[in-house]
Amino acid sequence: MKETRLINTTALAYLGDAVYEQAVREHLLRTGIEDVHKLHGMATRFVRASAQALIIKTVFDELSETEQNLVKRARNRKPVTRAKNADPLDYRWATAMEALAGYLYLEGDTARLEWFMGRAVEIIEQGM
């Protein structure tokens, strides 16, 4: 496999979407709530494009130069799909957030990924 930072950012976002979704679901389950409908409703606040855009914009200055470059590359890439229920700019930032999550996961940088997922949860919960 080629260097992680050279992988197509859309492919990184594809993986990052799953990584972030799992982190959100795990966080919500740890709150003690077991009603699946309630969990789903709560999860949507975390995974919608506007929330992901807020996350990446908030942490951008906390990222390394390599991470910032990846985020910029992902955000500026021509989208392959249209945002169905999201502002197109939020959708691009959300894709960049997911690409970073996918990148950190593939890099095997568990500590950095945990930091990023923790910050993501913190940012969304503060906005609730």
Return the residues of segment 1-20 that are touching a helix residue (DSSP H, G or I) at 6+ places or on another chain (Cβ under 6 Å) and closer than 17 Å to residue 117 by Cβ; say none if nothing qualifies. 12, 13, 15, 16, 17, 19, 20
Go through (1) more than 24 Å from residue 26 (Cα to Cα); (2) at pLDDT 95 or above and name the single condition residue 78 misses. (2)
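Select, from 22, 68, the only residue that is more than 23 Å from residue 127 (Cα to Cα), open to solvent by 30 Å² or more (accessible area, probe 1.4 Å) and either free of Cβ contacts under 8 Å to residues at least 12 places away in the same chain or outside any helix (DSSP H, G or I) (or both). It would help to see each step written out before you state the result.
Details: 22 fails: more than 23 Å from residue 127 (Cα to Cα).
Just one listed residue meets the conditions, 68.
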Working carefully through the options 32, 102, find the one that is farther than 23 Å from residue 126 by Cα and either open to solvent by 50 Å² or more (accessible area, probe 1.4 Å) or not hydroxyl-bearing (Ser, Thr, Tyr) (or both). 102
For the condition small (Gly, Ala, Ser), at pLDDT below 95, crowded, with 17+ Cβ neighbours inside 10 Å and more than 26 Å from residue 3 (Cα to Cα), what is the one hit in 49, 83? 49
Can you tell me which of 63, 113 is closer than 18 Å to residue 4 by Cβ, at pLDDT 95 or above and touching a helix residue (DSSP H, G or I) at 6+ places or on another chain (Cβ under 6 Å)? 113
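The values are calculated or read from the model by the stated rules, or taken from the named source; none is laboratory data. Please read these numbers as outputs of a predicted model, since none were measured by experiment. Note that each Cβ is placed from the backbone with ideal geometry, even for glycine, and that neighbours are counted across all protein chains shown. Accessible surface areas use protein heavy atoms only, side chains included; no ligands, DNA or RNA. Shrake-Rupley method; radii C 1.70, N 1.55, O 1.52, S 1.80 Å.
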